[in-house]
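Everything on this sheet refers to the single structure shown next.
What follows is calculated from the coordinates using simple rules that are stated; it is not laboratory data. Note that the coordinates shown come from a computational prediction; the quantities given were computed from them, not determined experimentally. Cβ coordinates were reconstructed from backbone atoms using ideal geometry, including for glycine residues, and neighbour counts include every protein chain displayed.
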Amino acid sequence: MKKHYHANPLGRYAMLCLVLVMLAALVVGRLGWLQLVKAQELSQKAADKMTASGMQKNPRGKIVDRNGEELAVSIMTGTLYADPLAMEDSEEDRKNKPGRDVRKLSAELLAPVLKMDAAQLYKDFNEQLHFIYIKRAMEPKEYEAAQKIIKDNKLPGLHFLKESKRYYTKQHAAAQVIGFVGTDDKGLSGIELQLDSVLQGKETKYKAFYDLAGKRILGSEYEKGEQKSNLSTVYLTLDSKMQYVLEDAMDDAIKRTKAKGAAAIIMNPYTGEILGMASRPTFDPNTFYKYPPASWSNKTISMIYEPGSVFKPIVGCMGLTEGIITPDTLIQDNGSIKIADRIIHNWDGEGMGLVPFTEVIKFSINTGMVQLGMKLGAERLIEYSKKFGFGKPTGVDLPGEESGILYRAEDMYEPDIATMSIGQGIAVTPLQMLRAICAIANGGELLQPYIVKKIVDADGNTVKEGEKKIVSHVITEQVAAQMRGMMEKVVSEGGGKPAAIRGYRIAGKTGTAEKLAEGGGYAAGEYIASFVGFVPADKPKYAMLVMLDTPQGAFYGSQVSAPIFRDTLQQILVAKGIQPFSSEGLPSFTEMNQQQNALAKAPQKLPEMQFLPGGKVKLPDFSGIDMRKAAELLQYGKLRLQPYGSGKAYQQKSAAGTEVDEGTVVEIWFK
């Protein structure tokens, strides 16, 4: 007989209540976990799904020359972005345009305007994202054309942001100095890199909102914070007009000499301000990506090379300071000299016999310099070289400066001393070399070169100002004056005659050095041709260095670099109204007419200026005459020339027939 057991009803009820309580506790616990512990994380995830955000750069500050002429400016332009998840027609549009593929149509229509690949655009438009950049900082014409296409064809999911675009107003001019920025508006070279934190505009956040279906909420525009820009303006020490003349001279030099590269600098020898700085090869910062990276390099501070004979005035100053020589000390020149196992020859192989040291500098006599160097010895050669700033950066406010190369005195042998005395065996940058020569020009002060004149904030306050900085006093005024006199004779009587400018006192030194090979030693048949000098010789206004890397054909500094120095500074002296110290040697009007007629295939009379009562002058038509003739005519009439370009005159301001006062600046364009 089976027994039947009946469960206790109260027990079953209690068990059910316990289960329900446990379930409720789990639910409450889970809610508490989600609402208290995970609340912030979950809120952020929800916000991320419903919003898209990013940063927008405001315009960068301007870069201008010393007179406020714009070199680099920023404008606001359009950046196209897509919301791929929203690139679908509305229900109404699908009825009116059945079968339309918005993504494919958008890619096909925009690709030609944006100069992009349609297939890649189509791929981008199919990304499962709410935000993707299509093209940043578009050109104004692209921006307008893209806007029209999107509007006319009612293409959903395509929008624009306002972004800053950098423009370099002078194209190639001072390209390596100014530098350039990348697509994110970050400075990548030159002043743009050096002062990026000063020039860079502040960032503005933006945000858009989407519904649960992932559609952008209608009327939800990008919400931007208050747009603030640093708007700082960086004033450079460069003079745009000098820079124009220098750039033109460099282009002409490369064209004539077929040199691999070139560098030129113009400085104020009394302050250290860089007034002009050019490097070749060059590039256009507006499209820097189209040029090889080698063209971005500023050779004036980054190229190191053996200076050759332009170093001789520095060694001469050492000898004068130490009392080893005077300008009149007699030196025996036999054409060559043997030091240990090395024989060093003069550049022409000829000897001049017993000559004063002035002649050693004037005619760049290697044997005389070697004799001086041996008397100085290794320690003094290196010690003075360091005092003149060699072997370390100058401290100029530009990125990428090299230190150069000096021996260690304890490692030098007699042949090293001999070759260093003639500018071989060491390596310098163009800026180091010019700075050292400036110490001779200004009476003995070694200055720190600078290229940032001042920084002005948005309110017009000067927050930083460049100023003269004396690093050390390397020689006395007496020694400097003695060397200036010797360097003046280099140009007036010696190997630097091609640098002479009629009516002006020029001091300078030529240099021709074998080029260092990449693997060591010297590159056969390759030379660095240079010229360095200052004008006027007694009270210098400008110091300038010209360096040509591997010129083809003629390669001596006197042949290829000195004429560049002459032609460049002649234009600048005339444009700045620096009068010649003497009219001696300048031709009369009659002589100028005779010279012009002799050179012309058909006799042509030079234009004549009419001198009127009251000190006024009636201008002639300068068309067809060269710059030198124009300058001489204007100087005769006590007028000033502002030249542009080179070659023959083709345009002028003021016009022919205009009556002007003495001292008036006449602008003339040459080509």
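List of remarks:
- Projected label distance in nm at K260 and R94, using a 7 Å step from Cα toward the beta-carbon: 6.6 nm
- According to the Cα-based calculation, Rg over Rh for the chain is 1.20, with Rh computed by the Kirkwood formula.
- For the chain, the membrane-span-like helices by this rule, meaning whole DSSP H stretches whose C-alpha atoms cover at least 27 Å of axis and whose Kyte-Doolittle mean is -0.5 or above, are 9-32; this says nothing about an actual membrane.
- Residue-count net charge about G533 - beta-carbon cut-off 11 Å; Lys, Arg +1, Asp, Glu -1: +3
- Each residue, Q552 and L26, gets one label point 7 Å from its Cα in the Cβ direction; the gap between the two is 8.8 nm.
- Packing-based exposure ordering (other Cβ within 10 Å, fewest first) of M412, M433: M412, M433
- In this structure, the amide hydrogen of A507, modeled 1.01 Å from its nitrogen in the peptide plane, lies closer than 5 angstrom to those of F534, A537, counting only residues at least 5 positions away or on a different chain.
- The peptide list 150-159, 347-356, 485-494, put in order of mean Cβ contacts within 10 Å with the highest first, becomes 485-494, 150-159, 347-356.
- Here each label is just a point 7 Å from Cα along the line to Cβ, and for V19 and K141 those points are 7.9 nm apart.
- Relative protection proxy for 295-307, 568-580, from highest mean packing down: 295-307, 568-580 (other beta-carbon atoms within 10 angstrom).
- Net charge contributed by nearby residues that have their C-beta within less than 15 Å of N126 (K/R +1, D/E -1): -4
- Within region 126-188, none of the chymotrypsin sites (Phe, Trp or Tyr not before Pro) combine a DSSP coil assignment with at most 10 other C-beta atoms in a 10 angstrom radius.
- Relative contact order for region 59-175, counting Cα pairs under 8 Å that sit 6 or more residues apart, in percent: 45 percent
- Protection-proxy order for peptides 401-407, 436-442, each taking the mean of Cβ atoms within 10 Å per residue, highest first: 436-442, 401-407
- Backbone geometry of region 185-197 corresponds, through the Karplus equation with coefficients 6.51, -1.76 and 1.60 at θ = phi - 60°, to 3J(HN,Hα) couplings of 6, 9, x, 10, 7, x, 4, 4, 7, 4, 10, 4, 5 Hz, x marking Gly and Pro.
- Amide H contacts of L188 (H built 1.01 Å from N, under 5 Å, at least 5 apart or other chain): F180, V181, G182, L193
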